[in-house]
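The values are calculated or read from the model by the stated rules, or taken from the named source; none is laboratory data. Worth saying up front: this structure is predicted, and the values here are computed from it rather than measured. A quick note on method: Cβ atoms are made from the backbone with ideal geometry, for glycine too, and the neighbour counts reach across all protein chains shown. Areas reflect the complete protein model, heavy atoms only, side chains present, ligands, DNA and RNA absent. Shrake-Rupley method; radii C 1.70, N 1.55, O 1.52, S 1.80 Å.
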Amino acid sequence: MRRHSAQLTHHPAVLPWLGANFWSRTGGPLMWRDYDPKTVRAELRVLHEHGLTMTRSFFYWPDFHPQPHRIDEALCEHFRDFLDAHSETGMGTVPTFIVGHMSGENWDPAWRGGRDLYEDVWMVGRQAWFVSQMTRRFKDHPAVTGWLITNEMPGYGRVYQVDPPSSEVVTAWAQAMCNAVRAAGGTQPVSLGDGAWGIEVTGRDNGFSLRETAEYVDFVGPHVYRSDTDRPRQHLRAAFECELASVTGHPVVLEEFGLSTDTVSAENAAVYYRQTLHNSLLGGATGWIAWNNTDYDDLWDRSPYDHHPFEMHFGITDSTGAPKTPLLELADFAKVLGDVDFTRCRRADAGAALVVPAFLERGYPYSRPADRPLIFTSLHQSYVATRAADLPVGFTREADGLPGDAALYLLPATRQLTTRTRRELEHRAHEGATVYLSFCSGEHPGTRGPWFDDLDGLFGVELQLSYGVAEPIEDVVLEMTFTDDFGGLTAGDTLRFPVAGNEDSRAYLPVLPRDARVVAVDAHGRPALLVRDTGRGRTVLATYPLEHMAARTARVNPEETHRLYAALADVAGVRRPVTVDSPHVGADVLVHQDGRRFVWLVSQSPVELTVRPAADGTLHDLASGAPTADVTLAPYGVCVLELKCWS
């Protein structure tokens, strides 16, 4: 299965995009009023010296568009000098047009008068006019490498948690804005700047659909700031959302990510940047724009910093311009990108697929939005387990008919499938694939149990559920003991899983084997893992919601689902090109156009580890070319090596 890793190659921009969202320390969002060209050049110089190639910049809307039919030309001259400063420094920038939301506050032009930004025709016209005017002014400047329509419009245009606009309305608005760029002569890549917070990624419908707006944009830009109760899950969060955001096949640019150093230590700020950068690269991102370039200590008495004081310290440099640990991590990452010639690399193909249920993104009649967080978190936890198992996976969408061909399909804690998908999975198993599903009863009492037909026939069992009653898991820890060899697991091996969930989801599936054979039982002797051979393949049923239970447990990873996934890969004949005998270290591979292969080793261990990777070739140091057998990884460290295959 080909994994998504599309590059922004259709425009002669500086590639890859590695940069920072930019407000000068002299003014933050108000920088254009008292623009300081000397300070701006000093700020850009520091970024460039640390390997950054670009910035994302902002037309603060109330200032640049002070009246409905007027642009502030003095501020445009400041912006032109800003572009000149980029050219002088050897950098590019991506201007953002409709900047009415920033750092915890919304900022309206004085003339908006409460008009709806999406549905008021006059207001839509004024936005399109502004976009076209700014495009005409700056489209020919060599520093402009792309365009963004907005900054986080879902939090500004209308509060989507309370009154979300429809997808039809948002898509029409997006079409008008993107068309304004093109009509004005802008040829650079364009996207919306909405954060990719829509239903295909998050399961929440805010009106911004990646599918519906795909024909108007050239890339997708996730903004990822969410937190977690488990550190490896947190380190892989941006990567997971980049995987989901690739639904349309567009290049994925991690458009915003970062942290305030008011909330973490300098050391842990470095860890988060290192993990987010490398893991998102392995998750298909091909551009990165940190939030943000600098701290704002001198702006403490201005909005938004007076009421969101932690926003003063998201900078990768401090308020004097000195590098902070995140910028040092960006510099190290930039060197790796150069060493592997990243823009000519792609992710290695995968033999396994993680199935994204259509119920995450489709509002089927009388289905419940409450199901979507369970789907999201179970997929996320499953993704973490695949990394611990050194098992490269592609994402395949049920809503698209499961495109791609895989030897192993993973359906973690899956309750809902359409009839077509259930039949397609059975067909693929018969043709030689291994289809794994772990049972989940759901997190609410409505229609408990599987929401797809003939589970019995698919897995060769006879379920023993009582109507409307969940079968509670009473153990604190699930012990899954193997009664037969299964992949790399042998009879007598026991896997232990923490039990979690609410009164509805903390439940198992009682079954009797019919065409299936039991390969593992729980502590009470009940079937816990069953295999049904069919045609040239097989189906595998776990009667416990393994991934859901882990997703609802704090500080759980690495948990033992990775051992089950490794065994499933063995049974399915899935090749894992590099493996490490530690679930704390994940391995993955990028392939260069010239045939070279590069191995990433990413540690999730809080202590130093020395490991000896197993590979179908020899590993070599990138700088010296010397063969490498043992690899020492710093706490949460990353090592990149070249893999030379045996001839």
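Listing for the model above:
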read-out: Residue in region 101-109 that is within 31 Å of the chain's Cα centre (by Cα), within 19 Å of SER24 (Cβ to Cβ) and of a type in the set (A, V, I, L, M) present; value: yes
read-out: Residue that is farthest from SER382 (Cα to Cα), among those in region 519-562 that are open to solvent by less than 10 Å² (accessible area, probe 1.4 Å) and assigned to a helix (DSSP H, G or I); value: MET549
read-out: Whichever residue in region 577-593 is touching a strand residue (DSSP E or B) at 6+ places or on another chain (Cβ under 9 Å) and assigned to a loop (DSSP other than H, G, I, E, B) and, among such residues, is farthest from GLY617 (Cα to Cα); value: HIS584
read-out: Residue satisfying condition, being of a type in the set (A, V, I, L, M), over 30 Å from ARG536 (Cα atoms) and in contact with a Ser or Thr (Cβ under 9 Å, 6 or more places away or on another chain), within set ALA623, ALA614, ALA629; value: ALA629
read-out: Strands (runs of 3 or more DSSP E) wholly inside region 416-514 containing at least 1 residues that are farther than 28 Å from ALA370 by Cβ and open to solvent by 20 Å² or more (accessible area, probe 1.4 Å); value: 461-463, 477-482, 494-498, 511-513
read-out: Among (1) open to solvent by 10 Å² or more (accessible area, probe 1.4 Å); (2) modelled with pLDDT of 95 or more, the one test that ILE149 misses; value: (1)
read-out: Cβ-Cβ under 9 Å pairs, at least 6 apart or on other chains, region 393-421 side outside the structural domain of MET549 (by the TED database), far side part of a strand (DSSP E or B); value: none
read-out: Selection within region 292-313 - without any contact (Cβ under 8 Å) to a residue 60 or more places away in the chain and of a type in the set (A, V, I, L, M, F, W, C); value: TRP300, PHE310, MET312
read-out: Which listed residue, of LEU410, LEU402, is part of a loop (DSSP other than H, G, I, E, B), at pLDDT 95 or above and of a type in the set (A, V, I, L, M, F, W, C); value: LEU402
read-out: Residues satisfying the stated conditions in region 73-105, i.e. in a loop (DSSP other than H, G, I, E, B) and crowded, with 19+ Cβ neighbours inside 10 Å; value: MET91, GLY100, SER103
read-out: Some residue of region 162-170 being out of contact with any Gly (no Cβ under 7 Å at 6 or more places or on another chain) and within 19 Å of VAL99 (Cα to Cα); value: no
read-out: Pair list, Cβ under 6 Å, 6 or more apart: region 502-514 residue on the phi < 0 side of the Ramachandran plot and small (Gly, Ala, Ser), other residue open to solvent by less than 50 Å² (accessible area, probe 1.4 Å) and in a loop (DSSP other than H, G, I, E, B); value: SER505/SER441; SER505/GLU443; ALA507/SER441; ALA507/ALA470
read-out: One residue from SER605, SER647 being of a type in the set (S, T, N, Q) and modelled with pLDDT under 95; value: SER647
read-out: Matching entry among LEU391, LEU374 (being closer than 22 Å to ARG448 by Cα, crowded, with 24+ Cβ neighbours inside 10 Å and not acidic (Asp, Glu)); value: LEU374
read-out: Among the residues listed as THR618, THR628, THR610, the single one being over 30 Å from VAL435 (Cβ atoms) and surrounded by fewer than 12 Cβ atoms within 10 Å (Cβ to Cβ); value: THR610
read-out: Check on TRP122, open to solvent by less than 30 Å² (accessible area, probe 1.4 Å) and either over 29 Å from GLY203 (Cβ atoms) or not in a loop (DSSP other than H, G, I, E, B) (or both); value: no
read-out: Residue in region 259-272 that is in contact with a strand residue (DSSP E or B) (Cβ under 6 Å, 6 or more places away or on another chain) and either modelled with pLDDT of 95 or more or open to solvent by less than 10 Å² (accessible area, probe 1.4 Å) (or both) present; value: no
read-out: Residue check for THR325: polar (S, T, N, Q) and either closer than 25 Å to MET54 by Cα or open to solvent by less than 10 Å² (accessible area, probe 1.4 Å) (or both); value: yes
read-out: Residue list for region 601-647, filter: within 19 Å of PHE333 (Cβ to Cβ), in a loop (DSSP other than H, G, I, E, B) and of a type in the set (A, V, I, L, M); value: LEU622, ALA623, ALA634
